[in-house]
Amino acid sequence: MNTINSSQIPAGKNNEPPVIKSGLQGEYSIHNNKLIEIEKLTRTYLLGEVEVHALRGVSIEVSKGEFVAIMGASGSGKSTFMNILGCLDKPTKGNYILDNIEVGKLTRDELALIRNKKIGFVFQGFNLLSRTTALENVELPLFYSTVSNKERKEKSVEALKKVGLEERIYHYPNQLSGGQQQRVAIARALVNNPSIVLADEPTGNLDSRTSVEVMEIFQKLNDQGITIILVTHEPDIASFAKRHIVFRDGRIKSDKINVNPRNASEVIKTIPSIDEEDEA
Ligand SMILES: Nc1ncnc2c1ncn2[C@@H]1O[C@H](COP(=O)(O)OP(=O)(O)O)[C@@H](O)[C@H]1O
Ligand SMILES: [Mg+2]
């Protein structure tokens with residue numbers, strides 16, 4: 001495996017970014033630019049009388065510009081963790097600092113604001129509104145801010161361009177393929193210029209080529225500086241990320257740098273498109 005322990009990375013002096021040198025091909029440098037700091041996080045659900053310990057003490061730091069894949073068996077706490085990361089849910093115990101803001105101290109309204117400004121979400125099931133065009137779906141998060149109609153449309157078209165869907169902005173979800181629908185969802189996640197994109201099994205409903213196309217988009221966004229945290233149970237998909245975290249029974253079982261992430265643009269060239277397969 002092309003992995004090393006993140007503990008093997010030298011810590012920077014005086015908060016300077018520790019840079020990994022040529023041995024690791026110089027591709028991966030970690031900035032001491034913390035975006036997420038989580039300490040001893042627990043989340044316990046109450047089901048009637050029964051306590052379900054979904055997270056049992058998770059501590060983790062994520063810096064700006066990272067691309068993290070979260071893996072682990074079903075029920076290991078991945079989605080619970082993502083919901084807390086995304087400020088959709090609050091921890092039972094523990095600290096969560098997002099971009100220097102202590103999330104636990106925020107009111108509901110403040111949480112909603114942070115979510116809207118800083119975080120873009122992508123889900124397995126796309127979660128698009130079916131009677132609404134691609135453009136309108138992407139515009140949706142902007143209705144919570146004070147932009148004009150014109151600006152809302154411009155920003156949304158811009159986001160749809162980023163995912164290569166500028167020709168499809170007036171299509172409805174049922175007129176789009178699964179991969180295109182997921183790209184609309186990614187555009188919707190991007191429209192507020194988030195610093196972080198959280199994706200929970202974004203390729204779970206897609207065929208393998210389309211999955212790689214979606215990973216290509218995530219890699220491009222990551223190259224532009226957006227931090228990406230993605231849940232997947234597929235090692236193939238995780239191999240595009242720069243860091244692998246494995247959950248087990250509500251705890252982090254391992255946390256490793258992926259020294260040689262695969263390049264999705266390159267991989268796509270090696271996968272025949274569905275049409276070609278059909279003809280063959
Ligand atoms: N809303 C909930 N109420 C009660 N238990 C839940 C709830 N959501 C998740 N759980 C439980 O918490 C554990 C972790 O779930 P989850 O975070 O969804 O795992 P994963 O995404 O890794 O499959 C599981 O045992 C699950 O049944
Ligand atoms: Mg899940």
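Throughout, read-outs are computed from the coordinates displayed, never taken from laboratory work. Note that the structure is predicted; figures quoted are calculated from it, not measured. Here the Cβ is made from the backbone with ideal geometry for all residues, glycine too, and neighbour counts use every protein chain on show.
Details
- Within the listed set 173, 235, 91, the Gaussian network model of the chain (springs between alpha-carbon atoms below 10 Å) gives the highest mean-square fluctuation for 235.
- For the chain, projected area of the alpha-carbon convex hull averaged over all directions, nm²: 17.2
- Global form of region 158-203, assessed from the alpha-carbon gyration tensor, a/c cut-off 1.5: oblate
- The packing ranking of peptides 69-79, 47-57, highest mean first, is 69-79, 47-57, where packing means the average number of other beta carbon atoms within 10 angstrom of each residue.
- Residue 144 paired with residue 47, simple spin-label distance in nm, labels 7 Å along Cα-to-beta-carbon: 2.9
- Length available on full extension from residue 249 to residue 154: 0.36 nm per residue minus the Cα-Cα distance, which gives 29.7 nm.
- Nearest-20 debye value, region 95-247 charge dipole, Cβ charges on Lys, Arg, Asp, Glu: 320
- Zone residues, region 52-78, relative to residue 92, backbone N less than 15 Å from point 7 Å out along Cα-to-Cβ: 52-58, 76-78
- A dipole drawn for region 209-258 from +1 and -1 charges on Cβ atoms has a positive end, and of 231, 212, 245 the residue lying farthest that way is 245.
- Charge dipole magnitude, Cβ of K and R +1, D and E -1 - region 26-172, Cα centre, debye nearest 20: 160
- Each helix, a run of at least 4 DSSP H residues, gives -39500 (n - 2.57); summed and divided by the residues of the chain, these come to -8500 deg cm²/dmol at 222 nm.
- In this Cβ point-charge picture (+1 for Lys and Arg, -1 for Asp and Glu), the chain has a dipole of about 980 debye about its Cα centre.
- Among 126, 240, 143, residue whose mean-square fluctuation peaks in a GNM of the chain (springs only between Cα atoms under 10 Å): 143
- FRET efficiency, 1/(1 + (r/R0)^6) with R0 22 Å, evaluated for residue 74 and residue 34 via beta carbons: 0.15
- Partner aspartates and glutamates for residue 34 [C-alpha distance under 18 Å; skip if fewer than 8 residues away on the same chain]: 16, 61, 66, 99, 102, 223, 255
- Shape call, region 45-120: gyration tensor on alpha carbons, a/c limit 1.5: oblate
- Overall form of region 125-164 per C-alpha gyration tensor (a/c, 1.5; a/b vs b/c): oblate
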